[in-house]
Each structure stands twice: as C-alpha cells, then as structure tokens.
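Trainee: One structure, as structure tokens, below. Some questions next.
The values are calculated or read from the model by the stated rules, or taken from the named source; none is laboratory data. In this text, all values refer to a predicted model and were calculated from it rather than measured experimentally. Positions of Cβ are backbone-derived with ideal geometry, glycine not excepted, and every protein chain shown enters the neighbour counts.
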Amino acid sequence: MKVKNQVKLKSKERKKLKQLISKGTEKARKITRCRILLMANEGKTDTHIIETLKVARNTIRTVRSRYVKEGLEAAINEQLRSGAPKKFTGRQKAKITAIACSKPPEGRSRWTLRLIADKAVELKMTDDISHQTVKRILKKTN
C-alpha cells in the first residue's frame, strides 16, 4: 500500500531529530513528532507508529503532511493556536483593580465582587462582566 506524504529524511535531518530526542530538553509533543518522522522514514506503518508511540492516526498524518509540504521545522514545531480573543485589555483590568482598591460605596464597609462588576458596567468600561471574571482579574494582582 502506497503511503500518502512519504517521508524521506536527509542525513542532516535524521541527525538533528536524533539529537533532539537524546537531549530530552524539548517538550514531549515535539519529541513525539521527531519520533514519528524517524519511524516514518524507516518505512514503519501508521498502525505500527500508533501502537509504539500511543498517538492518534491524525497526528501522524499531520506531521507527515507538514514535513512534505513545509519542511522539517514546520513538522516538529508547534503551530500557533488562535484561541479566544482577550475580553479585557490591561487598562480595563487596571481600572477594575482600582475600583476594588477605592473607597467602598456609601453604606458599605467594603467592595464585593458583584458590586465591582456592577460599577464597571455603570462606568461603561464593559457591556457586562460577571463577578467571577472580577474575581479572576483581582486574583492576578497582589
């Protein structure tokens, strides 16, 4: 059976991968990707690689594909992850912290998380914010 995205490592690439694995200072995922490439280069089947390295078939396909299309560095290094955009800027977080450090509202002895959240909305810093988000923001300050 012909393997899609056949891996044919150059001598220098093989040497580099073996060095990365033997040093053991890289992240486990990177070392696993190195091992996938070395095993694929030796002609091991995807099934054999899955059983040996305990990885998903899709991981092997992705590593092979990246190597063939983009080269060694792209295949072994992490790709950027988009993730969710930040909801609050550093300035907004600082203002929330400033509210917490300020004098509490009339008739109160101290700020509560819900009061801080309400005040942030009242000051039009944000459309809405939960008391739990306020808690997370304040937890990151001393």
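Trainee: What is the one condition in (1) exposed (fewer than 11 other Cβ atoms within 10 Å of the Cβ); (2) touching a residue at least 60 places away in the same chain (Cβ under 8 Å) that residue 68 does not satisfy?
Mentor: Here residue 68 clears every test but (1).
Trainee: If you take the residues of region 98-142 that are of a type in the set (Ser, Thr, Tyr) and either surrounded by 11 or more Cβ atoms within 10 Å (Cβ to Cβ) or touching a Ser or Thr at 6+ places or on another chain (Cβ under 6 Å) (or both), which of them is modelled with the lowest pLDDT?
Mentor: For region 98-142, the residue satisfying everything is 141.
Trainee: Hey, another quick one. Can you go through 16, 54, 86, 27 and tell me which one is among the charged types (D, E, K, R) and at pLDDT below 90? Show your work before the answer.
Mentor: Working: 16 fails: at pLDDT below 90; 54 fails: at pLDDT below 90; 27 fails: at pLDDT below 90.
Exactly one of 16, 54, 86, 27 is among the charged types (D, E, K, R) and at pLDDT below 90, namely 86.
Trainee: Still on this structure: For residue 92, state whether it is touching a Lys or Arg at 6+ places or on another chain (Cβ under 9 Å), at pLDDT below 95 and of a type outside the set (A, V, I, L, M).
Mentor: It is false that residue 92 is touching a Lys or Arg at 6+ places or on another chain (Cβ under 9 Å), at pLDDT below 95 and of a type outside the set (A, V, I, L, M).
Trainee: What number goes with the only condition from (1) farther than 15 Å from residue 4 by Cα; (2) within 19 Å of the chain's Cα centre (by Cα); (3) among the polar types (S, T, N, Q) that residue 58 does not pass?
Mentor: Result: residue 58 fails condition (1) only.
Trainee: So which residues in region 30-61 are exposed (fewer than 13 other Cβ atoms within 10 Å of the Cβ) and either under 15 Å from residue 78 (Cα atoms) or hydroxyl-bearing (Ser, Thr, Tyr) (or both)?
Mentor: 47, 52, listed by residue number.
Trainee: Continuing with this model, one more query. Looking at region 69-83 only, could you name the residues that are at pLDDT 90 or above and within 16 Å of residue 34 (Cβ to Cβ)? First the steps, then the outcome.
Mentor: Filtering region 69-83 down to residues at pLDDT 90 or above leaves 69-77.
If the condition is that a residue be at pLDDT 90 or above and within 16 Å of residue 34 (Cβ to Cβ), then 70, 71, 72, 73, 74, 75, 76, 77 are the ones that fit.
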